[in-house]
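Since the structure comes first, as structure tokens, the remarks are kept for the end.
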């Protein structure tokens, strides 16, 4: 998904004359790693006032989209807590338009509606944590001769599970998934995402389909 830049009036916090400035309106994270890093580094949509030279954020609504990760977030930097419900209604309408205009993307998961870039950065930090722990699980599973069952990322993210789980044999069912997962967890009890998966499935949560 290609990133999209737009432009609009920017108001300097110092009270200078408003000016026109460009800003990123949509971040295609799967194709533009530099923009993702700019976001994490606090540099995204940072502009400079031509009158006083002051740097400030050009706070406009942003869409963050990473199709391979099944991650879609609508971010409203200027929304305060009181008005966020109204803003969310508008973002839901934007989501509907996005789905209609991108039918080939198969967006069959719910987006996140966030109040600012800090919330988005926190979400991406959580995403990195899941990815890192999933790789650790894969390494331990390989050492023990287990196969891996990839899960839908949108499902795993919301449930607090890893992106893939070990299975004892090629068959994917509750028994094989739990058996292998418990053996892998025994080798490294710090893998909290795998522990959460085991707890939920053991308590009766349906085993999610693998992809």
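The values are calculated or read from the model by the stated rules, or taken from the named source; none is laboratory data. In this text the structure is predicted, and so the values were computed from the model without any measurement. Please note: Cβ atoms are built from the backbone with ideal geometry, for glycine as well, and neighbour counts cover all protein chains shown.
Please state which one of 119, 110 is farther than 17 Å from residue 1 by Cα, assigned to a loop (DSSP other than H, G, I, E, B) and in contact (Cβ under 8 Å) with a residue 40 or more places away in the chain.
Result: 110 is the single residue among 119, 110 that is farther than 17 Å from residue 1 by Cα, assigned to a loop (DSSP other than H, G, I, E, B) and in contact (Cβ under 8 Å) with a residue 40 or more places away in the chain.
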From the set of residues in segment 61-76 that are part of a loop (DSSP other than H, G, I, E, B) and touching a helix residue (DSSP H, G or I) at 6+ places or on another chain (Cβ under 6 Å), which is nearest to residue 10 (Cα to Cα)?
76
Which residues, taken from segment 81-107, are crowded, with 16+ Cβ neighbours inside 10 Å and in a loop (DSSP other than H, G, I, E, B)?
107
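Sort through 196, 154 and tell me the only one that's under 30 Å from residue 78 (Cβ atoms), outside the structural domain of residue 38 (by TED's automatic domain parsing) and under 20 Å from the mean Cα position of the chain (by Cα). Walk me through how you get there before you give the answer.
Numbers: 196 fails: under 30 Å from residue 78 (Cβ atoms).
Testing whether each residue is under 30 Å from residue 78 (Cβ atoms), outside the structural domain of residue 38 (by TED's automatic domain parsing) and under 20 Å from the mean Cα position of the chain (by Cα) leaves just 154.
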What is the one condition in (1) part of a helix (DSSP H, G or I); (2) touching a helix residue (DSSP H, G or I) at 6+ places or on another chain (Cβ under 6 Å) that residue 44 does not satisfy?
(1)
Inspect all residues belonging to segment 115-136 and state whether any of them is surrounded by 21 or more Cβ atoms within 10 Å (Cβ to Cβ), modelled with pLDDT under 95 and more than 18 Å from residue 176 (Cα to Cα).
yes
Tell me, which residue of segment 21-45 that is surrounded by 15 or more Cβ atoms within 10 Å (Cβ to Cβ) and without any contact (Cβ under 8 Å) to a residue 24 or more places away in the chain is nearest to the chain's Cα centre (by Cα)?
38
From the options 68, 103, 111, residue that is at pLDDT below 90, within 28 Å of residue 163 (Cα to Cα) and in the same structural domain as residue 11 (by TED's automatic domain parsing)
103
